[in-house]
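What follows is one structure encoded as structure tokens, with my remarks underneath.
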Amino acid sequence: MAVTRIRAIVAFALLTLLLPCTAAGQSFDPERTRFEFELRTRWGQRVVGTFPRHAGEVVNLPDGRRRVRIELDARALSVEGSTRYTELARGPRFFDAERHPVVEFVSEPYEPALARTGGPLRGRLTIRGVSHTETFNLSPAECERPGIDCDIRGRGDVRRDTYRLDSWRFALGDWVKFGLRVRLQGAPQ
């Protein structure tokens, strides 16, 4: 009986070490997590921006699956190399950051292995107060403990007009590409 109990305790301890989340959840590491977006002009120019202020967490659900919640501060978004584009992106004709300061994604429940294997992550994306179900694709992990020993990486494309990001149709393509690199709080440096 004692040997069985010790094995169970050791197995639980190993499982805890292999899973990056605590029972309640684990927050994103703000210093090592990055969210970006990309647009293409009709002339092929890439416009790349970041959301330097963000919050997020991975929560363990009672059934063993997980859910991720991401909040991006649209008021702080920045377009690389252009103060003017930054102002336009934050402005009322695009993200409208004053009226809609948060871009939010809440995933559907998913299996923990998804962070290692990669694959589709579905959830509810809200931009400018408009919500739709979207699918982002996670890349296969480059390590055994994604989020701890390596980044969790993902990408997703959304149509601009779905979220009323439809200004400047003459100059900008129809899609916004989102990218993420996530590390979890408290993960070793």
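The values are calculated or read from the model by the stated rules, or taken from the named source; none is laboratory data. Keep in mind the model is a prediction, meaning the values are calculated, not measured. Cβ atoms come from the backbone with ideal geometry, glycine included; neighbour counts cover every protein chain shown. Surface areas here come from the heavy atoms of the whole protein model, side chains and all, with no ligands, DNA or RNA. Shrake-Rupley method; radii C 1.70, N 1.55, O 1.52, S 1.80 Å.
Only one of Gly91, Gly123 is under 21 Å from Arg181 (Cβ atoms) and either out of contact with any strand residue (DSSP E or B) (no Cβ under 7 Å at 6 or more places or on another chain) or in contact (Cβ under 8 Å) with a residue 40 or more places away in the chain (or both); which?
Gly123
Within segment 140-156, how many residues turn out to be surrounded by fewer than 15 Cβ atoms within 10 Å (Cβ to Cβ) and without any contact (Cβ under 8 Å) to a residue 24 or more places away in the chain?
Total meeting the criteria: 2.
Any residue that is under 14 Å from Arg183 (Cα atoms), open to solvent by less than 50 Å² (accessible area, probe 1.4 Å), assigned to a loop (DSSP other than H, G, I, E, B) and among the acidic types (Asp, Glu) - is there at least one of those in segment 31-39?
no
Arg164 is checked against (1) at pLDDT 95 or above; (2) over 14 Å from the mean Cα position of the chain (by Cα); (3) of a type in the set (Lys, Arg) and fails just one. What number does that condition carry?
Against the list (1) at pLDDT 95 or above; (2) over 14 Å from the mean Cα position of the chain (by Cα); (3) of a type in the set (Lys, Arg), Arg164 comes up short only on (1).
Considering segment 7-29 alone, what residues qualify as being modelled with pLDDT of 95 or more and either in a loop (DSSP other than H, G, I, E, B) or open to solvent by less than 20 Å² (accessible area, probe 1.4 Å) (or both)?
So the first thing to find is which residues in segment 7-29 are modelled with pLDDT of 95 or more, and the list is 27-29.
Result: Phe28, Asp29.
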